[in-house]
Amino acid sequence: MRWEDVNWERERFYVRSSKTAHHEGKEGRWVPIFPELKAELETLFSKPISKGKEFVINRYRNPEQTLSGQFTAIREQAGLPEIPRPFDNMRATRSNEIYVRFGASKESAWIGHTARTRAAHYDMVTDDDYAVAAQWDVSCTQTISHPFSHR
């Protein structure tokens, strides 16, 4: 991601997609700058190390370096158990959060895959889903408030 891909005023950033770039209109997509990401981007943007840089993350521009190695080292240092496919799991978690909160069309647009791909690889049941289901009173017409239910 390049700094020029961050649109601070409209609170979104552009994700370039080399995988689908050869399809017209599929060169990339705009994604909201979610609050937790906004704080990190603003902090990074204000650091002297970012001044005059094209890319948001410069440390891992070398294909020989990977974030998975760094992630594993941090996880081990923290004494946490192994996390299988951590980046896939983080993507799936955010995909599910967006789907539940904003619906299928926005999830597909922002995550960058089809509804079919989502159903096959990203659908999950969360602890929140169990908690809401355990409170469900079918005899009551009132809906239970769920933190992600506003589609």
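The values are calculated or read from the model by the stated rules, or taken from the named source; none is laboratory data. Just so it is clear, the model here is predicted, and its values are computed rather than measured. We place every Cβ from the backbone using ideal geometry, glycine too, and count neighbours over all the protein chains shown.
I'm told residue 60 meets every condition in (1) assigned to a loop (DSSP other than H, G, I, E, B); (2) in the same structural domain as residue 130 (by TED's automatic domain parsing) except one. Can you identify the failing condition by its number? Looking at each condition in turn, residue 60 falls short on (2). Applying the criterion of being modelled with pLDDT under 90 and of a type outside the set (S, T, N, Q) to the residues of the range 48-66, the residue that is farthest from residue 6 (Cα to Cα) is 64. Within the range 67-120, count every residue that is over 17 Å from the mean Cα position of the chain (by Cα) and part of a loop (DSSP other than H, G, I, E, B). So the count comes out to 7. Is it the case that some residue within the range 38-57 is surrounded by 14 or more Cβ atoms within 10 Å (Cβ to Cβ), in a loop (DSSP other than H, G, I, E, B) and under 18 Å from the mean Cα position of the chain (by Cα)? Yes, the range 38-57 has at least one match.
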